[in-house]
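Scroll down for the structure; my scribbles are underneath it.
The values are calculated or read from the model by the stated rules, or taken from the named source; none is laboratory data. None of these values were measured; they are calculated from a predicted model. The accessibility values were calculated without ligands, DNA or RNA, using every heavy atom of the protein model including side chains. Shrake-Rupley method; radii C 1.70, N 1.55, O 1.52, S 1.80 Å.
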Amino acid sequence: QVQLVESGGGLVQAGASLRLSCAASGRTSSTYIMGWFRQAPGKEREFVALITWSGAYTSYADSVKGRFAISRDIVKKTVYLQMNSLKPDDTANYYCAATFRTRVTVATSEYDFWGQGTQVTVSS
């Protein structure tokens with residue numbers, strides 16, 4: 001099992017920045033991929049970014065490329081999502097997720113563990 005706890009959400013104006021954190025505990029040595037997803041009211045949960053635990057590979061949704069950056073600190077067992085140039089469309093509940101699978105995937109169904117989420121609200 002892997003436990004995930006997100007933090008760092010908040011209310012900001014368009015153009016501002018936020019950094020989300022996801023602290024992992026449990027079987028982190030077996031975790032291969034960490035991802036960030038988001039879900040806006042009335043919409044399905046969607047992929048935002050992922051990173052392999054080794055840090056060797058990252059991937060981003062087209063909607064956030066060039067604005068968001070994912071990183072991880074192995075010692076702190078924490079994954080970060082730096083969000084810059086935020087837009088009102090980025091407003092959502094942001095979830096951290098982890099999987100033991102070694103094949104890179106953006107499908108929510110293939111992530112085994114989820115945090116409770118942290119709300120990000122961007123005002124215009």
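If you look at the Cα atoms of the chain, you get an Rg and a Dmax of 13.4, 41 Å. GNM on the chain, alpha-carbon springs under 10 angstrom: the most fluctuating residue among Tyr94, Tyr32, Tyr80 is Tyr32. Think of a 1.4 Å ball rolled over the protein heavy atoms: the chain then has 50 Å² of accessible area per residue.
Leaving ligands, DNA and RNA out of it, report the carbon-plus-sulfur percent of the accessible area of the stretch 1-89 at a 1.4 Å probe. Each step should come with its number before you reach the end.
Working: 2220 of 4660 Å².
After summing per-atom areas, the C and S share lands at 48 percent.
Counting alpha carbon pairs within less than 8 Å and at least 6 residues apart, what relative contact order, in whole percent, applies to the chain? Taking the mean separation of contacting Cα pairs over the length of the chain, I get 36 percent.
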